[in-house]
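Read the structure below first, then the notes.
The values are calculated or read from the model by the stated rules, or taken from the named source; none is laboratory data. Quick caveat, the model's predicted, so the values are computed rather than measured. Here the Cβ positions follow ideal geometry from the backbone for every residue, glycine too, while neighbour counts run over all protein chains shown.
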Amino acid sequence: MTQTLLRPLDQRFIHSGISWEQFKLIEQGFSDSPGIKLFYYRGEVEILAVSPEHEFFSRTICTLLAIYCAENEIEFAPTGSFTQEEEGIVSVQADESYFIGRRITPNSPPDLCIEVVFTSGTVKKLERYRVLGVSEVWFWEDGVLAMYRLGSEGYATISASFVLPDLDINLLCRCLLMASSVEAMREFRRGIAG
């Protein structure tokens, strides 16, 4: 059984003409505000209040990828929405991020960042990730996973992951749309085992 995706009530605010120093003050003001994500890119601040549905899909993706990596004995370090920055230029909090096949490396970008898109995201955020040097970025929107790989000319659309090359993306998407989390995990395990 699959579920119908309804647009949740994520709230998004964008302000332009903000200096890096002003952004850091805004960030301090929101430091004890769960469910608030802040983004900065070249003078533009985005404040995103995420909905429970947003968090549901983010955590379900994380759960399924953990199952995939464990079943395939792939070392990985899930780092969630930790803040990635290039001082004065960009600050990003992906919904999920991963170091794949290696430990967390200080001052090194993760191998994979995932964005769940209800009110913001899409290709515009790719420029932020390019500045940070993130190898692969996925956007989950309306039941579809769009994947991008960083190359010398910027990001290009890909149909299969480079960091998880044997992952069946169609299986992942199908399981993310299942109404039961337990059944989704069960189906995903069966799919990657077969």
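Annotations
- Within region 7-19, the set of residues being surrounded by 10 or more Cβ atoms within 10 Å (Cβ to Cβ) and either assigned to a loop (DSSP other than H, G, I, E, B) or modelled with pLDDT of 95 or more (or both) comprises ARG7, PRO8, LEU9, ASP10, ILE18, SER19.
- In summary, HIS54 fulfils each of the numbered conditions (1) crowded, with 19+ Cβ neighbours inside 10 Å; (2) within 12 Å of the chain's Cα centre (by Cα); (3) assigned to a loop (DSSP other than H, G, I, E, B) with the single exception of condition (3).
- For region 162-173, a residue qualifies if it is touching a residue at least 40 places away in the same chain (Cβ under 8 Å), closer than 18 Å to GLY143 by Cα and in contact with a strand residue (DSSP E or B) (Cβ under 9 Å, 6 or more places away or on another chain), and exactly one does: LEU172.
- In region 82-97, the residues that are part of a strand (DSSP E or B) and among the small types (Gly, Ala, Ser): SER91, SER97
- Between THR79, THR60, the distinction of being surrounded by 14 or more Cβ atoms within 10 Å (Cβ to Cβ) and either in contact with a helix residue (DSSP H, G or I) (Cβ under 9 Å, 6 or more places away or on another chain) or touching a residue at least 60 places away in the same chain (Cβ under 8 Å) (or both) belongs to THR60 only.
- Selection count where residues are buried (at least 20 other Cβ atoms within 10 Å of the Cβ), free of Cβ contacts under 8 Å to residues at least 40 places away in the same chain and not in a strand (DSSP E or B), scope region 98-120: 1
- Long-range neighbours under 6 Å by Cβ, at least six apart or interchain, first residue more than 16 Å from ARG174 (Cα to Cα) and at pLDDT below 90 within region 141-153, second part of a strand (DSSP E or B) and not aliphatic (A, V, I, L, M): none
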